[in-house]
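Heads up: the structure comes next, in structure tokens.
The values are calculated or read from the model by the stated rules, or taken from the named source; none is laboratory data. Just so it is clear, the structure is predicted and the values come from calculations on it, not from any experiment. Positions of Cβ are generated from backbone atoms using ideal geometry, with glycine treated the same way; all protein chains shown enter the neighbour counts. Ligands, DNA and RNA are stripped out before the accessible areas are found, and what is left, the full protein with its side chains, is counted by its heavy atoms. Shrake-Rupley method; radii C 1.70, N 1.55, O 1.52, S 1.80 Å.
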Amino acid sequence: MPLRDQLLRKIADRKASVAIVGLGYVGLPLAIEFAREGFKVIGFDVSQRVVDRLNAGDSHIQDVSSADVAKFVQRGLFVATTDETRLREVDAISIAVPTPLVKTRDPDMSYVAAAAATAARQAHPGLLVVLESTTYPGTTRELLQPAFEQLGLTVGVDVFIAFSPERVDPGNPKYNTKNTPKVVGGITAACTDVAVALYESCIDTVVRVSSPETAELVKLLENTFRSVNIGMANEMAIVCDKLGVDVWEVIEAAATKPFGYMKFTPGPGIGGHCIPLDPHYLAWKMRTLNYKTRFIDLASEINSAMPAFVVAKVAAALNEDRKSVNGSRALVIGVAYKRDIDDVRESPALDIIRLLEADGAEVVFHDPHIDTIREDGHERKGVALTDDELESADVVVIVTDHRAIDYQQLVDHASLIVDSRNATAKTEPSRARIVSLSTVPRPEPTPAL
């Protein structure tokens with residue numbers, strides 16, 4: 001029986017074992033979904049700390065409960081390891097490692113290359129290898145395929161290679177790994193067959209495409225679309241600010257159109273693992289083909305400038321109170337890159353804090369999901385959100401609009417708020433003077449008694 005058919009039968013019978021390389025925000029949720037469907041899963045990670053925590057039943061990922069990890073560890077369906085030789089035991093390997101950018105905005109493929117080399121060292125006939133890490137079109141064919149062919153394995157016959165982009169949205173209460181459609185494209189049709197069968201075992205909807213390049217480009221299109229449209233919304237905020245029009249009112253009214261418009265909102269900048277990074281993989285690839293991706297570059301320019309725009313708002317607002325940034329106490333509300341999560345990767349809050357401190361401000365932060373920020377070897381602890389803390393701040397800067405924050409408390413006790421997220425829109429006027437991304441007069445605050 002051909003190896004393809006043998007592997008398909010093992011997947012159907014839940015006798016296939018699966019390895020996940022990289023146990024972060026993508027890999028661990030995927031590992032748990034495979035275990036939930038009865039597959040034996042080996043999680044491989046280079047961090048001994050992560051491995052020890054998981055084997056003790058303790059999840060380090062917000063979207064995966066420790067109860068689930070402990071349950072599957074106890075049932076023998078999930079084990080974490082730093083021993084790469086355990087990969088010899090499995091029938092399928094999913095690679096979910098970081099793909100950051102270097103300072104020149106070029107892709108850093110070292111993690112993918114290392115993971116591919118690790119998988120190749122433990123490869124055997126009948127193995128499926130799927131890359132999930134976001135990357136530039138051509139990576140699967142140019143980087144993974146040669147690593148296995150040099151072992152004498154024929155892709156599509158002896159070994160099966162595919163790309164399936166991760167689509168994780170941390171903190172999303174509606175969509176998760178299981179119910180988010182999965183795009184899959186293999187080097188050959190047989191590769192796609194096997195990869196589709198594996199993912200269909202635990203994912204509600206699997207979308208088959210013709211090649212790994214198509215699958216790679218799907219993810220880049222998705223997040224480039226978001227980056228460009230967020231850039232448009234951010235530029236509209238600047239436009240409205242200069243015109244003296246409320247950008248939020250404009251956006252809400254435009255969103256009433258039932259066709260031809262999709263709502264995007266402005267903010268203090270973009271952050272996270274996808275939108276600030278993914279478009280640059282495509283831009284880099286196109287530069288190698290002597291083409292300039294102008295939309296990507298322009299959107300990046302606008303979005304990257306938003307933290308400075310917010311800080312300029314802070315300076316102007318303090319100036320109206322006859323204060324300077326230098327010597328003022330600024331309380332930043334929210335440092336996660338988006339609401340209701342504990343992730344600070346690429347967060348615009350970090351840039352805003354740096355810019356305020358560079359101008360001489362004393363900056364503290366509060367985030368209900370993050371107690372401590374660790375960056376460049378330095379540690380910064382958050383403060384409790386008390387009435388005294390709000391009253392002692394010269395300015396409160398809302399960067400991340402967590403639902404757990406009582407925004408009426410901010411309005412009642414702060415004297416000045418710069419709101420980059422429109423989080424105070426539904427509050428009752430009180431003590432604070434509120435400055436939005438676009439300067440529009442609001443009702444006069446109630447005098448303090």
Kirkwood-based Rg to Rh ratio, the chain, C-alpha trace: 1.03
Alpha-carbon Rg/Rh ratio, for region 183-245, with Rh computed the Kirkwood way: 1.34
Percent of alpha-carbon pairs separated by more than 16 Å within region 152-200: 47
Burial ranking of peptide ranges 281-294, 94-107 (average Cβ count within 10 Å, highest at the top): 94-107, 281-294
Percent accessible area from carbon and sulfur atoms, the chain, protein chains only, probe 1.4 Å: 53
Largest to smallest principal axis extent of the C-alpha atoms in region 1-107, angstrom: 50, 35, 24
Helix-derived mean residue ellipticity, 222 nm - over the chain, DSSP H n ≥ 4, -39500 (n - 2.57), to 500: -11500 deg cm²/dmol
Ordering of 242-248, 16-22, 257-263, 311-317 by burial proxy (mean other Cβ atoms within 10 Å per residue, highest first): 16-22, 311-317, 242-248, 257-263
Å² per residue, accessible surface of region 278-412 at 1.4 Å: 48
Listed pairs Lys219/Lys338; Lys219/Lys292; Lys15/Lys219; Lys40/Lys338; Lys292/Lys313; Lys219/Lys242 exceeding 29 Å between Cα atoms: Lys15/Lys219; Lys40/Lys338; Lys292/Lys313; Lys219/Lys242
Peptides 55-66, 164-175, 397-408, 346-357 ordered by average Cβ neighbours within 10 Å, highest first: 346-357, 397-408, 164-175, 55-66
Enclosed volume per residue, in Å³, of the convex hull spanned by Cα atoms of region 321-449: 110
Interatomic Cα distance distribution for region 208-337, bins of 10 angstrom, percent: 11, 32, 32, 18, 7, 1, 0
